[in-house]
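Novice: Pasting a structure below so you can have a look.
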Amino acid sequence: MSTHSGKPGPETRSRILDAAEALFVQHGLDGTSMRMITAAAGVNLAAVNYHFGTKDSLIHEVFKRRLGELNQARIAALDRAEAQARGQGAGLKPSQVLEAFFTPSLEMVADTAGGGRTFMQLLGRTYTEPNAFVRKFLAEEYAETLQRFLQALYESLPGVPREEILWRFHFMMGATSYAIAGTDALQLFAGHFDDEDPARMLPRLISFLLGGLRAPLPDFVNAAPRPSRTARTPDAT
């Protein structure tokens, strides 16, 4: 396939980002070369260098362009839930916190035309194939949003130690990433399985996550109270 340099404009930049995003899902961050990206985007290396400079900068921009949108949607959903709770003179329920955090993820999964699904699959892949550069970036991008949601969870579950909430949130992130990745693994033991409608996945996932969040505490937590300490934010990946 022949390539062209691409004019130094937003269309070329978006085409490079889209190509890199799709290739990262297929081959991983380390397994995708700049040559593969230029071929898929129909540009030459000079165009990639003009817009991004280095591969790390390109990876950074692939994640940044959609993570900002995702986090804004999450915060907006939490703001609405908190306003509704205040109007009713009540506190937030754990289910409202989880829905505000995870619903935007599944809405992005449903975006097949705009690339949202591809990005969420890439995000899920980074959880199982961590890259030091990406882990640091995600931790920074998620920090403010995660702190806001964790505080909401702490307040909605006053009887649960914060350390246990952190562990359970970590498990929830993993379960959601696995669900977003698709039903390939499920088909290994279930045979043909094509029920991947995001509208049906959301209530299933929220029900599952709530069950884990509200599960009885392990015996050792109740048997041996530990000295209180400042809880750390879980790794965003």
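Just so it is clear, none of the values below were taken in a lab; they were calculated from the coordinates. Treat the numbers as computed from the prediction; the structure is a model and nothing was measured. With ideal geometry, Cβ positions are generated from the backbone for all residues, glycine too; neighbour counts draw on all protein chains shown.
Novice: Based on a Kirkwood Rh over C-alpha pairs, give the Stokes-Einstein translational diffusion coefficient of the range 65-167 at 25 °C and viscosity 0.890 mPa s in µm²/s.
Specialist: 165 µm²/s
Novice: How big is the gap, in Å, between the Cα center of the range 91-146 and the Cα center of the range 31-72?
Specialist: Cα centres, the range 91-146 to the range 31-72: 19 Å.
Novice: Now a separate question. Taking K and R as +1 and D and E as -1, what net charge do the other residues with C-beta under 14 Å from the C-beta of residue 208 add up to?
Specialist: Around residue 208, the charge tally is +3.
Novice: Something else now. If you take the Cα atoms of the range 1-117, find Rg, then find the Kirkwood Rh from the mean of 1/r over all pairs, what is Rg/Rh? Please list the in-between numbers first.
Specialist: Working: Rg = 18.9 Å, Rh = 16.3 Å.
Checking Rg against Rh, the ratio lands at 1.16.
Novice: Mind putting a number on the dipole of the range 1-156 about its Cα centre? Charges go on the C-beta only, +1 for Lys and Arg and -1 for Asp and Glu, and I need it in Debye to the nearest 20.
Specialist: The dipole magnitude comes to about 220 debye.
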